[in-house]
1. Might you check whether a residue that is assigned to a loop (DSSP other than H, G, I, E, B) and within 16 Å of TYR128 (Cα to Cα) occurs anywhere in region 34-47?
2. Somewhere in region 103-114, is a residue of a type in the set (A, V, I, L, M, F, W, C), in contact (Cβ under 8 Å) with a residue 60 or more places away in the chain and touching a Ser or Thr at 6+ places or on another chain (Cβ under 7 Å)?
3. Assuming GLY60 fulfils every condition listed in (1) crowded, with 17+ Cβ neighbours inside 10 Å; (2) of a type in the set (Gly, Ala, Ser); (3) assigned to a loop (DSSP other than H, G, I, E, B) apart from one, which condition is it?
4. Of all residues in region 73-95, which are out of contact with any Asp or Glu (no Cβ under 8 Å at 6 or more places or on another chain), within 13 Å of PHE125 (Cβ to Cβ) and of a type outside the set (Phe, Trp, Tyr)?
5. Check ARG2, ARG53 and return the single one that is in contact (Cβ under 8 Å) with a residue 40 or more places away in the chain and either closer than 19 Å to GLU104 by Cα or surrounded by 14 or more Cβ atoms within 10 Å (Cβ to Cβ) (or both).
6. Could you grab me the full set of residues in region 117-149 that are over 27 Å from GLY35 (Cβ atoms) and not small (Gly, Ala, Ser)?
7. How many of the residues making up region 77-100 are in contact (Cβ under 8 Å) with a residue 60 or more places away in the chain and surrounded by fewer than 20 Cβ atoms within 10 Å (Cβ to Cβ)?
8. As an exercise: evaluate PHE125 against (1) buried (at least 17 other Cβ atoms within 10 Å of the Cβ); (2) hydrophobic (A, V, I, L, M, F, W, C); (3) more than 13 Å from LEU81 (Cβ to Cβ) and give the number of the one condition it does not meet.
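A short reminder: the numbers here are calculations on the coordinates, not readings from a lab. Keep in mind that what you see is a predicted model, and the values were worked out from it rather than measured. Cβ coordinates were reconstructed from backbone atoms using ideal geometry, including for glycine residues, and neighbour counts include every protein chain displayed.
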Amino acid sequence: MRAVIQRVKSGSVTVDDKIVGRIAAGFVVLLGVSGKDTTEDVSYMADKILNLRIFEDENGKMNLSLLDINGELLIVSQFTLYGDCRKGRRPNFMSAAGPEKAEELYNELVEKCREIGIKTETGTFQAYMNVNIENDGPVTVILDSEKLI
């Protein structure tokens with residue numbers, strides 16, 4: 001799994017001119033699922049995302065996690081994170097999981113975050129979405145479970 005995590009003051013996702021997910025302060029997570037991903041990747045990513053200490057404490061140091069600040073999550077599926085642009089001029093998406101597997105693992109991650117008690121909103125899987133991000137910092141971090149498990 002690959003995630004682009006952006007610390008935000010707010011975020012929302014619109015599909016067909018209707019807001020389908022909206023959060024206040026927290027993370028917007030753009031999530032890609034690879035064909036090699038498993039439930040272990042989901043567990044790893046959930047733990048990392050929820051405990052990533054990139055919110056400032058009272059001394060201005062990045063020392064607090066999403067759990068510490070009771071932040072919110074907006075998780076948006078984005079298969080294009082597995083686009084390989086090394087050859088040619090058009091990305092190759094062969095490493096991305098197929099839609100059924102990607103949706104299953106995406107939903108598993110969303111549910112795992114909700115079970116822990118974090119307000120977790122989503123986009124609409126496989127829909128054309130407009131994502132509104134009010135970046136805070138900006139602070140952006142990339143996680144990849146394949147490199148770390």
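1. No: zero hits.
2. Looking through region 103-114, at least one residue is of a type in the set (A, V, I, L, M, F, W, C), in contact (Cβ under 8 Å) with a residue 60 or more places away in the chain and touching a Ser or Thr at 6+ places or on another chain (Cβ under 7 Å).
3. Only one criterion in (1) crowded, with 17+ Cβ neighbours inside 10 Å; (2) of a type in the set (Gly, Ala, Ser); (3) assigned to a loop (DSSP other than H, G, I, E, B) is unmet by GLY60, namely (1).
4. Within region 73-95, VAL76, GLN78 meet the criteria.
5. ARG2
6. Result: ILE118, LYS119, ASN130, ASN132, ILE133, GLU134, ASN135, ASP136, PRO138, VAL139.
7. 2
8. So the condition that PHE125 fails would be (1).
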